[in-house]
């Protein structure tokens, strides 16, 4: 650190030999910076996958307050979609799994400070987050859509003409749906989510616009009135979050997800926790 | 920090707001007429103390007057479909408003009937009018005249209460205002507008009801 101290350029130079000294210390500073950068790169870079395999342990940041993605089960262990996905990826890497419970605010810092190797915490993608971390391919659906009874035929927003659809006033679904549908759709706007859901469940509306998580909850409580997704309003699926510059770990996670999508294990997780099949585009 | 008023959302969406005002008026008209009719019937039953009817009407009055309007609305809209009766939002609103006004006006009109002097009854008996004739020809008008201002107030309360019907996705004034509020975030302006319109409607309805009272009821002498 002494090298850095000398390099402070604000110090007035009256010795006459300053030009040379300054040059040397700048060189030292650059060297030090390069070494530091290299070591960080090593720690977080190619080494990441190897380090996980060497330790035999994958540390995954998971939610514990966001069912059905992650909550605390009756045996006080975390359960949920994200936990099952974490297990799936750990199995695919052939290592053990350590769950690190996080909240939605501290999940990214947990990853960037190395307290977790991956975030599997119903994390959506946005440009701000993409500056800080990398994202895998999508592993879980998270969308707003129009839902209705299994036997109702409805493929596109235009098919809603002459039908009733319940939505919560001022919600994302309300605003986005209004842009999609033609005139002649009877949109019933309710004050809060529970009224919207009640309106659908009591038959006061034929369809309901809501999130797939809400639909999952209804399907869990009342399987007789199964809600089936008809079309999507807004899609923002969940991704696994990784530190930047970890191409090998990213590739390994992506291939684990792709494999699970192919062999139906991810579909089984979706059916178990969301009660709804994975959407075709995921 | 001075607030920048912007009334454009109101100009731009006057169609929705006008529809809302008309719906509020329509609900009030239908609910008010049905409710006052119900009130007269209820008051007569309570006044005459006909055995079984009296108990039924008393139970109805107490039930409605001692439960919140919103719960009555939810019961009709979300509860009755389980019993096989599915009403649209506006139908449920009119029914709830009529039942609510009916209960309150039952008691108001009954008070009007009770306040009449004994002489009227004796005069009617002396003319050998039947009880039905006595009520219809002799008692009802002066009774209504006595309580007309209270009834007007009750109708206005029910009109203002119709804002609660926005909970059932009925696009009346409150519903229209909060719909636009959710889209334009001009809460102050929109609710200011809604407040002004409700005030105007209340004044208008009071004026009209007073005219109606003067035209049809004031001639009944107590």
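I'd like to know if region A:221-231 contains one or more residues that are crowded, with 18+ Cβ neighbours inside 10 Å, within 11 Å of chain B (Cβ to nearest Cβ) and at pLDDT 90 or above.
Checked region A:221-231: no residue is crowded, with 18+ Cβ neighbours inside 10 Å, within 11 Å of chain B (Cβ to nearest Cβ) and at pLDDT 90 or above.
If I ask for residues that are more than 24 Å from residue A:266 (Cα to Cα) and either away from chain B (no Cβ under 14 Å) or free of Cβ contacts under 8 Å to residues at least 60 places away in the same chain (or both), which ones from region A:205-220 would you list? Walk me through how you get there before you give the answer.
Filtering region A:205-220 down to residues more than 24 Å from residue A:266 (Cα to Cα) leaves A:205-209.
Result: A:205, A:206.
State which residue is nearest to the other protein chains (Cβ to nearest Cβ) when the search covers only region B:184-197 and only residues that are assigned to a helix (DSSP H, G or I) and in contact (Cβ under 8 Å) with a residue 60 or more places away in the chain. Please lay out each step first, then the result.
To start, the set of residues in region B:184-197 that are assigned to a helix (DSSP H, G or I) comprises B:184, B:187-197.
So of that shortlist, the ones also in contact (Cβ under 8 Å) with a residue 60 or more places away in the chain come out as B:184, B:188-190, B:193, B:197.
On the way: B:184: 11, B:188: 16, B:189: 16, B:190: 12, B:193: 18, B:197: 19 Å.
If we take residues in region B:184-197 being assigned to a helix (DSSP H, G or I) and in contact (Cβ under 8 Å) with a residue 60 or more places away in the chain, then B:184 is nearest to the other protein chains (Cβ to nearest Cβ).
Restricting attention to region A:176-192, which residues are part of a helix (DSSP H, G or I) and within 13 Å of chain B (Cβ to nearest Cβ)?
Narrowing region A:176-192 to residues part of a helix (DSSP H, G or I): A:176-180.
Within region A:176-192, A:176, A:177, A:178, A:179 qualify.
Of the conditions (1) at pLDDT below 90; (2) part of a strand (DSSP E or B), residue A:76 fails just one. Which one is it?
Just one mismatch for residue A:76, condition (2).
Going by the structure shown, is residue A:202 more than 14 Å from every other protein chain (Cβ to nearest Cβ) and either at pLDDT below 90 or surrounded by fewer than 19 Cβ atoms within 10 Å (Cβ to Cβ) (or both)? Let's see the steps before the verdict.
Working: more than 14 Å from every other protein chain (Cβ to nearest Cβ): no; either at pLDDT below 90 or surrounded by fewer than 19 Cβ atoms within 10 Å (Cβ to Cβ) (or both): yes.
No: the conditions fail for residue A:202.
So which residues in region A:141-171 are in a helix (DSSP H, G or I) and either touching a strand residue (DSSP E or B) at 6+ places or on another chain (Cβ under 6 Å) or buried (at least 20 other Cβ atoms within 10 Å of the Cβ) (or both), if there are any at all?
Here is the first cut: in region A:141-171, the residues in a helix (DSSP H, G or I) are A:157-160.
Of everything in region A:141-171, just one residue is in a helix (DSSP H, G or I) and either touching a strand residue (DSSP E or B) at 6+ places or on another chain (Cβ under 6 Å) or buried (at least 20 other Cβ atoms within 10 Å of the Cβ) (or both), namely A:160.
Among the candidates B:212, B:171, B:158, which residue alone is within 14 Å of chain A (Cβ to nearest Cβ), within 20 Å of the chain's Cα centre (by Cα) and either at pLDDT below 95 or under 16 Å from residue B:29 (Cβ atoms) (or both)? Lay out the reasoning, then the answer.
Details: B:212 fails: within 14 Å of chain A (Cβ to nearest Cβ); B:158 fails: within 14 Å of chain A (Cβ to nearest Cβ).
After ruling out the rest, the residue left standing is B:171.
The values are calculated or read from the model by the stated rules, or taken from the named source; none is laboratory data. Everything numeric here is computed off the predicted structure, so don't read it as measured data. In this analysis, Cβ positions are derived from the backbone assuming ideal geometry, glycine residues included, and neighbour counts consider all displayed protein chains.
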